[in-house]
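Here the structure comes first, spelled out in structure tokens, and everything after it is commentary.
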Amino acid sequence: MARKAFNFYRSYWEQIKLLNSKQQLLLFKAICEVQFLEKHIEDIAFNDKVLEIIWVGIKHSINTSLQGYITKQKGLGTQVIEPLAKGGGKGVQNPPASQGQEEGQEEVQGKGKVQKKKYAEFVFMHEKEYNTLVSRYKKEGTKQCIEVLNNYKGSNGKKYRSDYSAILSWVVEKLKLQDVSVTRNIKFQC
């Protein structure tokens, strides 16, 4: 079933209204393509630096909205949907930790229980999620992402409902910004 509506926040409008008509149209089109057509945020790119800056500011909430919609429509409960992040990633900050399920606890999916595996002292995820990271960022890149998240969670006491989602939503972007030599070899798709 095609999506019929989505939230368009005033904060989007406050930024968009400052643009010229051509820029506004490009940004509205990008938002609608992601929200209605489920186009990957990673596939959205702008040549205009002003649009890129605004996109970085709004894409997280757009991504969250779309993930919630997809999860609800497909009845996946707490399962994470494929990542929807890219668009330049300038100025990424660590998001606040989600409240919810404690790491390492079992979560119910369908009739069976799926146990999260421990990949570092503070990082837990399903084996399928880990394998997705490895296929996307290779073993070395995945190891680096896990290390960054582990250090962050350990030093701040943060807990995430999904460490996999945290890696996709900010850890990868943080590594791109740091221009770490390992990430250059992994070829994160910017």
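Observations on the structure shown:
- Matching helices (runs of 4 or more DSSP H) fully within region 94-190 where at least 3 residues are surrounded by fewer than 20 Cβ atoms within 10 Å (Cβ to Cβ) and either at pLDDT below 50 or out of contact with any Asp or Glu (no Cβ under 7 Å at 6 or more places or on another chain) (or both): 127-156, 172-178, 181-186
- Matching entry among LYS72, LYS4, LYS39 (being charged (D, E, K, R), within 19 Å of SER169 (Cβ to Cβ) and loosely packed, with under 14 Cβ neighbours inside 10 Å): LYS72
- TRP13 passes every criterion in (1) under 26 Å from GLN115 (Cα atoms); (2) aromatic (Phe, Trp, Tyr); (3) at pLDDT 80 or above apart from (1).
- Per-region count, region 1-22, residues outside any loop (DSSP other than H, G, I, E, B) and either under 19 Å from VAL34 (Cα atoms) or under 20 Å from the mean Cα position of the chain (by Cα) (or both): 7
- The condition (being at pLDDT below 85 and farther than 30 Å from GLU127 by Cβ) is satisfied by just one residue among ASN63, ASN20, ASN7: ASN7.
The values are calculated or read from the model by the stated rules, or taken from the named source; none is laboratory data. In this text the structure is predicted, and so the values were computed from the model without any measurement. Virtual Cβ from ideal backbone geometry, glycine too; neighbours counted across all protein chains shown.
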